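Following: one structure in structure tokens, then a few remarks.
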Amino acid sequence: MQIVTTHKNTDFDGFASVIAGTVLYPGAIPVIPRNINPNVRSFLAIHKDIFNVRTVDDIDLDKVSSLVVVDVNQWSRLDDLRKLRTKEALEVILWDHHPDKGDISANWVRHEAMGANITLMVRQMRREGKPLTPVCATLFLAGLHEDTGSFMFPSTRPEDAMAAAYLMEVGADVNVVGSLLRPAYGEKQKNVLFEMLRSEARETINGYKVSFHKVDIEGHVGSLSVVAHMCREILNVDAVFGIFTGQRRGKSIVIGRSGADGLNVGTIMRSLGGGGHPGAGSAMVDFVNPDTIQEMITQLIQGNQQASVQISDLMSFPVTTITADASMSEFRDVLAEKGCTGAPVVEDDRLVGIISRRDFRKIRKNKDMKAPVRAFMSKDVKTIAPGKSPMQAARLMVKHDIGRLPVVEDDKIIGIVTRSDVMLYFYDMLPD
Ligand SMILES: [Mn+2]
């Protein structure tokens, strides 16, 4: 007997991948964990007859000779089927898209980092020319949207969008996808969200706006990840960490959501013993006080950040400067000669202002061209230190509506960073 299964707390990507498994391995029986996400549960309530899924209770484990594992790479996340780990002569086939390597060693593996696991399986079905029903295509598209945050999570790959295009071509219904993914949001979730907003503690860690929310929860509340996601949308911070206590004695559930490229929640959650993607993750932490968890996350973000790109990696140097006494026409010549659009203004090697091409607009009469740069420069110069992040530079530029930031260390200008340097970084086009 061959079975296909996925991780506990099954989401649409996991469930879609199980169904895709039954298409790719005809005859394989779909086995889902007892614990599945509420919106997948309501989907199944309506579509039960179509998919004929079983749970582990319906399966005689002794008869299983082949196990297809999808959208997960760790035995511990497999419900009771993890008992198969020690079974001899069991064939294991693994399909996974999580960037880390787990502990399931398989006879056959397809492991590629993608936004969604279903992407890998749709690509294969397409290659093999497997026909798909519109219902299947719709379910698969729901998995794709959910795991990629509708193609906006940093983990999204071009292949995800290509798989989505194919699914739409073969009849996936985007209206149904929209209603399937509507979050399970009720009275309990609303109370938790209000409590999260009330308990907000915001910090700037290495240039990222991060908010922590320590919330004590009475009884069981599902869909906490949905609430954490909504919380981040409302606060518009780079990352949100909900630290929930009280659900299980002695344990805290930590749920993180990030929208910032360099702040990988999955890595942080793995360090706390959990898992996830760059944009979303969670961990169950034993016997730790919530303040300690916040401290641990803060340190992980700091550590995480040290290896990443700093202003000193993007800045240009040496810097073309101009003296405050130089005339505007000399400044015009410098711009033409150096091909730049502005320059820091110095006096005795000290930074006293900044001037750009735009400042020529202030010139009314011809003789103004003979006036010194100091008369037209802006004296309120914003600078940045070389160790800061591109995100911090971008924030300063937006906040003060400026296009260039001198990079200053020990009162000396060591470089300059412009809008286009920062933009190149964010679009991932920096030369290596
Ligand atoms: Mn997935």
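The values are calculated or read from the model by the stated rules, or taken from the named source; none is laboratory data. Only a predicted model underlies this, so the values are computations on that prediction, with no experimental measurement involved. Glycine also receives a Cβ, built like all others from the backbone with ideal geometry; neighbour counts cover every protein chain displayed.
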Requested in this report: Being among the aliphatic types (A, V, I, L, M), at pLDDT 90 or above and surrounded by fewer than 24 Cβ atoms within 10 Å (Cβ to Cβ) is the filter here, so list the residues in region 139-171 that pass it.
Outcome: A161, M162, A165, M168, V170
Query - Pick from region 1-24, criterion of a type outside the set (S, T, N, Q) and touching a Ser or Thr at 6+ places or on another chain (Cβ under 8 Å), ranking: surrounded by the fewest Cβ atoms within 10 Å (Cβ to Cβ) - result: M1
Requested in this report: Could you grab me the full set of residues in region 137-160 that are away from the ligand (no atom under 16 Å from the Cβ) and touching a Phe, Trp or Tyr at 6+ places or on another chain (Cβ under 9 Å)?
Outcome: A137
Query - Lone qualifier among D49, D62, D57 - being away from the ligand (no atom under 13 Å from the Cβ), under 20 Å from V176 (Cα atoms) and loosely packed, with under 15 Cβ neighbours inside 10 Å - result: D49
Query - Residue that is nearest to L424 (Cα to Cα) [pool: residues in region 305-357 that are without any contact (Cβ under 8 Å) to a residue 24 or more places away in the chain and of a type in the set (V, I, T)] - result: T320
Query - Condition broken by P183, with the remaining ones in (1) within 20 Å of the chain's Cα centre (by Cα); (2) of a type outside the set (G, A, S); (3) farther than 16 Å from V23 by Cα; (4) within 16 Å of the ligand (Cβ to nearest atom) satisfied - result: (4)
Requested in this report: Look through T10, T55, T86 and report the one residue that is under 25 Å from G273 (Cα atoms), in contact (Cβ under 8 Å) with a residue 24 or more places away in the chain and not assigned by TED's automatic domain parsing to the domain that holds G222.
Outcome: T10
Report task. Output the residues belonging to region 295-347 that are under 30 Å from V254 (Cα atoms) and in contact with a Phe, Trp or Tyr (Cβ under 7 Å, 6 or more places away or on another chain). Result -> I297, I301, V309
Requested in this report: May I ask you to say which residue of L351, L424, L405 is closer than 30 Å to D238 by Cα, in a strand (DSSP E or B) and aliphatic (A, V, I, L, M)?
Outcome: L405
Report task. Exactly one condition in (1) in contact with a Leu (Cβ under 6 Å, 6 or more places away or on another chain); (2) in a strand (DSSP E or B) is not met by A164; state its number. Result -> (2)
Query raised in the report: Quick one: which of D60, D13, D100 is of a type in the set (D, E) and at pLDDT below 90?
Result: D100
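For region 354-398, give me each residue that is of a type in the set (G, A, S) and more than 30 Å from K209 (Cβ to Cβ).
The initial filter retains those residues of region 354-398 that are of a type in the set (G, A, S), namely 356, 371, 375, 378, 385, 387, 389, 393-394.
Hits for region 354-398 are A371, A375.
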Query raised in the report: In region 117-130, is there at least one residue being within 15 Å of the ligand (Cβ to nearest atom) and over 19 Å from I93 (Cβ atoms)?
Result: no
Report summary line: Of the listed residues (H7, H47), the one being out of contact with any strand residue (DSSP E or B) (no Cβ under 6 Å at 6 or more places or on another chain), of a type outside the set (S, T, Y) and in a loop (DSSP other than H, G, I, E, B) is H7
Query raised in the report: Is one or more of the residues making up region 88-97 within 18 Å of S17 (Cβ to Cβ), buried (at least 16 other Cβ atoms within 10 Å of the Cβ) and away from the ligand (no atom under 16 Å from the Cβ)?
Result: yes
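Does V40 fit the bill of being assigned to a helix (DSSP H, G or I) and either touching an Asp or Glu at 6+ places or on another chain (Cβ under 7 Å) or in the same structural domain as G276 (by TED's automatic domain parsing) (or both)?
Here the answer is yes, as V40 does meet what is asked.
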Query raised in the report: Looking at region 228-248, is at least one residue among the basic types (K, R) and exposed (fewer than 15 other Cβ atoms within 10 Å of the Cβ)?
Result: yes
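Step by step: first the residues of region 258-288, then only those that are of a type in the set (A, V, I, L, M, F, W, C) and within 16 Å of the ligand (Cβ to nearest atom), then the one that is surrounded by the fewest Cβ atoms within 10 Å (Cβ to Cβ). Which residue is that? I'd like the intermediate steps shown before the answer.
Taking region 258-288 first, the residues of a type in the set (A, V, I, L, M, F, W, C) are 260, 263, 265, 268-269, 272, 280, 283-285, 287-288.
Of the ones still in play, those that are also within 16 Å of the ligand (Cβ to nearest atom) are 265, 269, 280.
Numbers: V265: 31, M269: 25, A280: 21.
Checking each candidate, the answer is A280.
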Requested in this report: Take L335 and decide whether it is part of a strand (DSSP E or B) and modelled with pLDDT of 90 or more.
Outcome: no
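Please state which one of K362, K388 is of a type in the set (K, R) and surrounded by fewer than 16 Cβ atoms within 10 Å (Cβ to Cβ).
Details: K388 fails: surrounded by fewer than 16 Cβ atoms within 10 Å (Cβ to Cβ).
Sole residue among the options that is of a type in the set (K, R) and surrounded by fewer than 16 Cβ atoms within 10 Å (Cβ to Cβ): K362.
Working only within region 1-43, note down all residues that are more than 15 Å from the ligand (Cβ to nearest atom) and of a type in the set (A, V, I, L, M). Before the answer, list the steps.
Restricting attention to region 1-43, the residues satisfying the condition of being more than 15 Å from the ligand (Cβ to nearest atom) are 1-3, 22-31, 34-35, 38, 41-43.
Within region 1-43, M1, I3, V23, L24, A28, I29, V31 qualify.
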Query - Restricting region 392-406 to residues that are buried (at least 19 other Cβ atoms within 10 Å of the Cβ) and out of contact with any Leu (no Cβ under 9 Å at 6 or more places or on another chain), the residue that is modelled with the lowest pLDDT - result: Q392
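Hey, among V70, V64, V53, V92, which residue is hydrophobic (A, V, I, L, M, F, W, C) and within 28 Å of the chain's Cα centre (by Cα)?
On the way: V64 fails: within 28 Å of the chain's Cα centre (by Cα); V53 fails: within 28 Å of the chain's Cα centre (by Cα); V92 fails: within 28 Å of the chain's Cα centre (by Cα).
Being hydrophobic (A, V, I, L, M, F, W, C) and within 28 Å of the chain's Cα centre (by Cα) holds for just one of V70, V64, V53, V92, which is V70.
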